[in-house]
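Below you'll find the structure, written out as structure tokens, and then a few comments.
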Amino acid sequence: MTDKSNLKTDFQNITLWKRGGERAPHKPLLALYAIGRLRRNNDRLIPYAEIDQKLAELLKDFGPYRKTYNPQYPFWRLQKDGIWEVDKTESVSLTSSGDPKKPDLIRLDVHGGFPKEVFNALRSDDNLVNEVVAQILEDNFPSSIHEDILQATGIDLVSTGTGLKKRDPEFRDRILRAYEYRCAVCGFDVRLDHFPIALEAAHIKWHTAGGPDTEINGLALCTLHHKLFDRGAFTFADNLKIMVSDRAHGTRGFDEWLMKFHGRSVKAPQRKIYTPDNSFVKWHVKEVFRGEYRELQKAITATR
Ligand SMILES: [Zn+2]
């Protein structure tokens, strides 16, 4: 029998695979993909070829922007965390770093998945799934993108807030005050009576990656710009100029909500000491921002 709290700890511990501030959402995304799959499919073991394609898509959408994606690493390395097994391991030859080669995994039709007891526990206990999923999301991603990940992994549960970490409750107040209750990008400041609506305190370096709850790591952003920022549709250059990604595009809304601000300075906080710290901005560029900066020429045409 798998003890429920042990299983939760096992899932929690997979997130410990982190190097400095570098985001490594590979294993968490693989675990979420496999959980989403077990809720609609009876097969416990998943062909590597399927994971190669699906996990690469998830990494492209929710992982840091990289030139190549290597789903074979988490597929193989998750075995050590006690919540994953792979078949035909004897037939697979390994590189000097102890990892398999992608073509071998496909050619040999290697399968991987949760061990039987983990699989059965997750299939029979909705609450457990809820708790494990909420834990993985909380540990690895800002809440603004949790729903997107649930949809992408096909997990039909809402994150109910079980096991949510306590956040510094003052962070929001301090950040909104620092930016005088306005979105630092577009200036949005709609209130209902005296309550600001759809205005949020965003971390520049994610809380889940060790970003502190301080003014120099925060920005007041409207809900839309918060989401666009956390998904990497725009970031800031060193001089705190707003830079839109060449991967972001659209017709309606794109010029108005993104290109209009491309190359413009983010609104300054009310005190100079609250100015976003460059190290956090650099982290966002490296770990969250997608693609390359668009050219500045285009902004001038777009703002006409
Ligand atoms: Zn805004």
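The values are calculated or read from the model by the stated rules, or taken from the named source; none is laboratory data. Because the structure is predicted, anything quoted here is derived from the model rather than measured. Cβ sites come from the backbone with ideal geometry, for glycine too, and all protein chains shown count toward neighbours.
Observations on the structure shown:
- Boolean, residue 265 is hydroxyl-bearing (Ser, Thr, Tyr), within 16 Å of the ligand (Cβ to nearest atom) and at pLDDT 95 or above: yes
- Residue match in segment 18-39 (condition: without any contact (Cβ under 8 Å) to a residue 12 or more places away in the chain, outside any helix (DSSP H, G or I) and on the phi > 0 side of the Ramachandran plot): yes
- Any chance residue 274 is aromatic (Phe, Trp, Tyr), within 18 Å of residue 202 (Cα to Cα) and outside the structural domain of residue 64 (by TED's automatic domain parsing): yes
- Residues of segment 235-253 satisfying the condition of being under 13 Å from residue 289 (Cα atoms) and more than 16 Å from the ligand (Cβ to nearest atom): 237, 245, 246, 247
Residue by residue, here is whether (1) among the hydrophobic types (A, V, I, L, M, F, W, C); (2) within 14 Å of residue 184 (Cα to Cα) holds:
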| position | (1), (2) |
| --- | --- |
| 221 | yes, yes |
| 236 | yes, yes |
| 241 | no, yes |
| 253 | no, no |
| 259 | yes, no |
| 271 | no, yes |
| 275 | no, yes |
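- Of the residues in segment 136-151, not one is among the β-branched types (Val, Ile, Thr) and either loosely packed, with under 15 Cβ neighbours inside 10 Å or in contact with a Gly (Cβ under 9 Å, 6 or more places away or on another chain) (or both).
- Segment 55-166 holds helices (runs of 4 or more DSSP H) entirely within its bounds, and those carrying 1 or more residues that are more than 16 Å from the chain's Cα centre (by Cα) map to 72-77, 102-107, 116-124, 126-140.
- Hits in segment 172-185 - residues which are in a loop (DSSP other than H, G, I, E, B) and crowded, with 19+ Cβ neighbours inside 10 Å: 179, 183, 184, 185
- Residue among 257, 283 that is within 16 Å of the ligand (Cβ to nearest atom), under 22 Å from residue 61 (Cβ atoms) and out of contact with any Pro (no Cβ under 6 Å at 6 or more places or on another chain): 257
- The set of residues from segment 178-234 being of a type in the set (A, V, I, L, M, F, W, C) and more than 16 Å from the ligand (Cβ to nearest atom) comprises 192, 195, 206, 209, 216.
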